[in-house]
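Worksheet for the structure shown next.
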Amino acid sequence: SYLMKICQIQDDDIILDFFSGSASSAHAALSYNAENQVHSRYVMVQWPEETDEKNPARKAGYSNICEIGKERIRRAGKKIKDEAGEKAATLDTGFRVFKCEDSFMNDVYFSPNDLSQADLFSQVSNIKVGTSDLSLLFGCMLDWGVQLSLPLSNFEVAGKTIYNVNDGDLVACFNENVNEDTISAIAELNPLRVVFRDSCFGDAPLKLNLFELFKQKCGWSEEVVKNRVHVI
């Protein structure tokens with residue numbers, strides 16, 4: 001809290017704590033924002049160090065330090081809003097949790113001598129089995145420099161889930177057997193970036209016509225559609 005005051009933290013400033021522990025810096029940032037009517041942000045980084053089996057936190061169900069930090073942020077946000085009343089009416093206490101993982105992409109770079117015929121079936125998809133839609137989405141956001149804190153919504157069209165980041169900054173669909181209705185709904189958003197997974201397309205003609213459909217529905221040039229539409 002002292003450091004935030006002497007630094008005169010303002011809107012959109014970022015408080016970074018690489019040794020978050022129980023997220024005391026996040027707690028302080030929320031208090032500072034409420035008190036000074038600013039909208040600074042915070043990033044807490046913590047190795048998921050396990051709590052000691054004899055520790056009261058472990059007995060309360062917190063298996064590692066990160067779990068303690070998350071719960072502290074939840075409780076601190078609620079307490080600050082309750083105590084500050086109207087002064088904290090616009091205080092944003094939401095947060096997202098990310099875990100460091102290996103790439104969700106399979107290693108598909110092999111020399112012919114490294115592969116056997118039996119290996120070919122494992123190379124059908126370049127995305128690792130069990131990768132969730134949200135992991136794919138946030139992985140793409142990282143690759144393309146889209147801020148992870150941006151608003152995210154989703155809706156369904158023809159039984160397919162469409163993810164919309166910040167009203168069109170990135171639109172994605174990862175369901176199988178995507179049809180033209182789904183593509184039309186995405187095109188209506190006039191997105192800056194669109195991403196599908198290769199398995200979205202049940203038939204080859206739709207996949208082959210994907211770029212043409214976006215050119216027709218969005219009025220994009222050949223260059224624009226190749227820059228904006230991606231299949232992973």
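The values are calculated or read from the model by the stated rules, or taken from the named source; none is laboratory data. Please read all numbers here as calculations on a predicted model, not as lab measurements. In this analysis, Cβ positions are derived from the backbone assuming ideal geometry, glycine residues included, and neighbour counts consider all displayed protein chains. Just so you know, the surface numbers come from the protein's heavy atoms only, side chains and all, with ligands and any DNA or RNA stripped out. Shrake-Rupley method; radii C 1.70, N 1.55, O 1.52, S 1.80 Å.
Some observations on this one:
- Filtered residue count, the range 171-184, keeping only those that are at pLDDT below 95 and among the aliphatic types (A, V, I, L, M): 2
Okay, residues lined up against (1) part of a helix (DSSP H, G or I); (2) hydrophobic (A, V, I, L, M, F, W, C); (3) out of contact with any Lys or Arg (no Cβ under 7 Å at 6 or more places or on another chain):
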residue: LYS54; (1), (2), (3): no, no, yes
residue: ARG72; (1), (2), (3): yes, no, yes
residue: LYS79; (1), (2), (3): yes, no, yes
residue: THR93; (1), (2), (3): no, no, no
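- Residues of the range 188-230 that turn out to be out of contact with any Gly (no Cβ under 9 Å at 6 or more places or on another chain), at pLDDT 90 or above, hydrophobic (A, V, I, L, M, F, W, C) and not in a helix (DSSP H, G or I), as a count: 5
- Boolean, VAL38 is closer than 17 Å to ASP12 by Cα, free of Cβ contacts under 8 Å to residues at least 40 places away in the same chain and not in a loop (DSSP other than H, G, I, E, B): no
- Unique residue being open to solvent by 70 Å² or more (accessible area, probe 1.4 Å), without any contact (Cβ under 8 Å) to a residue 60 or more places away in the chain and among the small types (Gly, Ala, Ser) when the list is GLY145, GLY130, GLY202: GLY130
- Matching residues, the range 50-78, being surrounded by 15 or more Cβ atoms within 10 Å (Cβ to Cβ) and of a type outside the set (Val, Ile, Thr): ALA57, ARG58, TYR62, ASN64, CYS66, GLU67, GLY69, LYS70, GLU71, ARG72, ALA76, GLY77
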